[in-house]
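Below is one structure, written out as structure tokens; comments come after it.
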Amino acid sequence: MSTPIRVPVIVAKGVRPGPVVGLTAALHGNELNGIPLTHRLVLQEIQCQALHGIVVAVPVANVPGYLAQQRGFTDGTDLNRLMPGKKNGTTSQVYSYNLMTRLVKHFTHLIDLHTASKGRVNSLYVRANMQNSTTRHMARLQNPQIIVHNTSPDGSLRGAAMQQYNIPAITVEIGDPARFQKRFVKSAILGVTNILSHLKMVEDEHEVQDYDPVVCAKSYWIFTKGGGILNVLPDVNTWVRKGELIATLHNIFGQEEHRYFAPEDGIVVGKSVDPVCQSGCRILHLGVVSDHFPEGKIDDGHM
Ligand SMILES: [Zn+2]
């Protein structure tokens, strides 16, 4: 139609200079918990008269996906695999390029807000490169239930911000898709405020939660071999022991086909709650605690 797609942006501009912290929500259009977070943070918590620097909140980064209540863009692509996009390319590549160059490029720090994908649930967890001192610190300040060390997949907003523009970036995964979860949103706001206060943008209101995050040196998804009716047993943010039964798979006649066991000790970062399972579907996202962070590229196959 030759008309641009408008992306909503809320800017809280402080009276004094300082960092430019960007918050992006709903880059996956059906991952919504970041939206009330941006509203509450920018419209209620932050006083511009007392703010040093600028907070830029993008309540919906994937506008067409949000309107269609879907994860991807209009052409079905995942914007979080297309970054930094292309100036001349497909519609989703150009959209990604504009998002990067007109918005994200101007941030000094990025907090990208996500949730689990459709059919799955998540703990409140942070994905960050724990080998990088700035992002490690941001992850700790965010104070989630779990932190997963991850060097960010190629094409992700976090990865492109870090690699292309040297902007320290973390991803905050706030619970479940397609809903607003007050408790998780409240905890995530506390974490963002901790980061702003550490950057000396707001008065020191550093609030320490009554738990420490579990820091995972690596994490990975466990998949089924066949298809069937899937029941994943442990809850998110609970520990499983090596050899513990984690899921059963029944055929459509109600007979048990397969049992799945934890391959090692770990914590459940996220899990599938959709019983309809085709071959190779996801069971659970297992986080493994270790003192040693593996070198090089670490990707858990997250989607
Ligand atoms: Zn996402």
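None of the figures in this text is laboratory data; all of them are computed from the coordinates on show. Since the model is a prediction, treat every value here as computed from it, not as a measurement. A quick note on method: Cβ atoms are made from the backbone with ideal geometry, for glycine too, and the neighbour counts reach across all protein chains shown.
Give me the distance in nm between label points sitting 7 Å out from Cα along the Cα-to-Cβ direction at GLU257 and LYS186, one decimal.
Spacing of the two 7 Å Cα→Cβ label points: 4.2 nm.
Report Rg(Cα)/(2.2 N^0.38 Å) for the chain, keeping two decimals.
Ratio of Cα Rg to 2.2 N^0.38 Å: 1.01.
Step through the table entries LYS13/LYS86; LYS13/LYS105; LYS182/LYS218, compare each Cα-Cα distance with 19 Å, and write down the pairs that go over it.
Among LYS13/LYS86; LYS13/LYS105; LYS182/LYS218, the Cα-Cα distance tops 19 Å for LYS13/LYS86; LYS182/LYS218.
Quick check: net charge around PRO19, other residues with Cβ under 13 Å of its Cβ, Lys/Arg +1 and Asp/Glu -1?
+3
Once the piece of chain linking LEU233 and VAL276 is laid out straight, how much longer is it, given 0.36 nm per residue of separation minus the C-alpha distance between them?
Result: 14.0 nm gained on full extension.
Find the Rg to Rh ratio for segment 13-105, where Rh is the Kirkwood radius over alpha-carbon pairs and Rg uses the same atoms.
Radius of gyration relative to Kirkwood radius: 1.05.
Quick check on the exposure proxy: order LEU27, LEU41 from fewest to most C-beta atoms within 10 angstrom.
Arranged by neighbour count, lowest to highest, LEU27, LEU41 become LEU41, LEU27.
With runs of 4+ DSSP H residues as the only contributors, calculate the mean residue ellipticity of the chain at 222 nm using -39,500 (n - 2.57) per run, divided by the residue total and rounded to the nearest 500.
Helix-only estimate at 222 nm: -5500 deg cm²/dmol.
Exposure proxy check: VAL288, VAL148, VAL11, VAL185 ranked by fewest other beta carbons within 10 Å?
Ordered by Cβ neighbours within 10 Å, fewest first: VAL11, VAL288, VAL185, VAL148.
Once the Cα atoms of helix 133-142 and of the chain are each reduced to a long axis, what angle between those two axes, in degrees from 0 to 90 to the nearest 10, is obtained?
Roughly 80 degrees between the two axes.
So what's the net charge close to MET83: Lys and Arg +1, Asp and Glu -1, counting the other residues with Cβ under 12 Å from its Cβ?
+1
For the chain, the longest stretch holding no chymotrypsin sites (Phe, Trp or Tyr not before Pro) located in a DSSP loop with at most 12 other Cβ atoms within 10 Å is which?
That would be 1-210.
Given ALA50, PHE184, PHE73, which one lies farthest toward the positive end of the charge dipole of segment 10-198, if we put +1 on the Cβ of every Lys and Arg and -1 on the Cβ of every Asp and Glu?
Most positive-ward Cα: ALA50.
In segment 10-198, with Lys and Arg counted as +1 and Asp and Glu as -1 at Cβ, which of these residues, HIS28, HIS109, HIS149, has the Cα nearest the positive end of the dipole, that is, farthest along it?
Going by the charge dipole, the pick is HIS109.
Which lysines have a Cα lying under 28 Å from the Cα of LYS225, excluding residues fewer than 8 positions away in the same chain?
Once the sequence-local lysines are set aside, what remains near LYS225 is LYS118, LYS242, LYS271, LYS297.
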